[in-house]
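Just so you know, all these numbers are worked out from the coordinates, no wet-lab data involved. Here the structure is a predicted model, which is why all the values come from computation and not from measurement. Glycine also receives a Cβ, built like all others from the backbone with ideal geometry; neighbour counts cover every protein chain displayed.
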Amino acid sequence: MESSLRVSEIFHSIQGESSRAGRPCAFVRLAGCNLACAWCDSAYALRAESGRELPLGMIVEALRSYRAGLAEVTGGEPLAQAATPELVDLLVRDGYEVLVETNGSLDISPIHWPAARIMDLKAPSSGMCARNRLENLVYLRRGDEVKFAVADRVDYEWSRSMFRDQSYPAALVATLFSPVAGRLAPAELAGWLLDDKLDARLNLQIHRVIWPDRDRGA
């Protein structure tokens with residue numbers, strides 16, 4: 001029997017974040033998340049019941065229709081569903097460059113190379129800092145990325161401390177510092193990064209610039 005996933009939406013857009021920002025991308029947003037971040041920007045996908053059950057083959061066919069070379073599996077939390085690694089493997093075999101965006105609280109090791117993991121580390125203002133699975137740091141490899149969503153100075157100092165910790169693989173992964181929309185001005189975060197001379201990327205959500213009134217993918 002074919003595996004399936006609960007899907008919130010499938011859409012074609014511009015990759016708004018990460019080091020691939022600006023590229024056309026086919027997205028599948030899965031429904032259901034094991035966390036409840038204070039500043040979640042996809043709250044409509046938090047509950048698994050909000051999605052519809054789709055066979056993996058139907059999901060792949062829907063993404064193919066966009067003729068994009070880049071595909072992202074996001075959520076919700078994609079690793080909360082057991083069939084997500086199978087979907088990722090199907091997309092890789094279909095020739096996609098695949099990104100998996102995960103909240104970092106679940107084991108990322110089932111997502112295999114060459115798919116790239118974009119893993120959050122939750123700062124204090126999220127309310128989910130205690131749920132970070134720091135064991136995931138040892139699974140990170142070249143091509144993966146870590147994102148710190150920063151809402152205030154406390155978040156920034158926590159993130160800076162994590163970035164500078166000797167166990168953090170700074171030389172291996174791209175590190176993204178992202179201001180939480182409506183909570184921290186990008187210029188303020190940029191100033192902190194420059195003052196501290198951190199070798200990290202300021203990560204702006206360019207899809208919010210392009211479509212400021214859109215509150216979901218499609």
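Details
- Comparing Cα centroids, the stretch 171-212 and the stretch 9-27 end up 17 angstrom apart.
- Loop-located GluC sites (Glu not before Pro) in the stretch 1-53 whose Cβ has at most 15 other Cβ within 10 Å (DSSP): E2
- Over all other residues within a Cβ to Cβ distance under 9 Å of S8, the charged ones net out to +3, with Lys and Arg as +1 and Asp and Glu as -1.
- Charged neighbours of L176, selected by a Cβ distance under 13 Å, balance to -2 (K, R count +1; D, E count -1).
- Residue-averaged 222 nm ellipticity for the chain, from DSSP H runs of 4+ at -39500 (n - 2.57), nearest 500: -6000 deg cm²/dmol
- Contact order relative to length of the stretch 81-218, as percent, for alpha carbon pairs under 8 angstrom and 6 or more apart: 17
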